[in-house]
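First up is the structure itself, then whatever we jot down about it.
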């Protein structure tokens, strides 16, 4: 008898795996995939982070008990930053324009395990969030939502 129980991946695990398929994410040197943390932003500009945002879990509830649930999150990165380097700062925010466009055209329901996902969408534009580490790094972020059928 096998004592191991095969567990269904959690929503945050599914979200992380989905976001790691985005071709816009930078892959660090000596790595094969982008680094996407959950609730941790590295002090080095080498990865991204997902932070969940508190919200009502139901987007739409049907009388039969089913409906559409939602999970809202912030997708954030730490980038090289300079108040005087306009081109660098434009590129930092341009990443989020491309990321939002990717989300708009992505079809998560075509990925195995995400068949009940309806949409992953940007709720805001990407924006500058905070300067860190002596003004040479800044975090940028975008607020997003996953809607899925239950």
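Bear in mind that the values in this text are calculations on the coordinates, not laboratory data. Because the structure is predicted, anything quoted here is derived from the model rather than measured. Cβ: placed from backbone, ideal geometry, glycine included. Neighbour counts: every protein chain shown.
So for the range 111-123 (the condition being in a helix (DSSP H, G or I) and farther than 20 Å from residue 47 by Cβ), does at least one residue qualify? Outline the logic, then answer.
Pass one, the range 111-123, residues in a helix (DSSP H, G or I): none.
Checking the range 111-123: not a single residue is in a helix (DSSP H, G or I) and farther than 20 Å from residue 47 by Cβ.
Anything in the range 123-147 that is within 21 Å of residue 12 (Cβ to Cβ) and without any contact (Cβ under 8 Å) to a residue 24 or more places away in the chain? List them, or say none.
124
If I filter the range 125-137 down to residues being outside any strand (DSSP E or B) and touching a helix residue (DSSP H, G or I) at 6+ places or on another chain (Cβ under 9 Å), which single residue comes out as surrounded by the most Cβ atoms within 10 Å (Cβ to Cβ)?
As a first pass, look at the range 125-137 and keep what is outside any strand (DSSP E or B): 125-126, 133-136.
Then keep just the ones that are touching a helix residue (DSSP H, G or I) at 6+ places or on another chain (Cβ under 9 Å); that gives 125-126.
Numbers: 125: 11, 126: 22.
Among residues in the range 125-137 that are outside any strand (DSSP E or B) and touching a helix residue (DSSP H, G or I) at 6+ places or on another chain (Cβ under 9 Å), the one surrounded by the most Cβ atoms within 10 Å (Cβ to Cβ) is 126.
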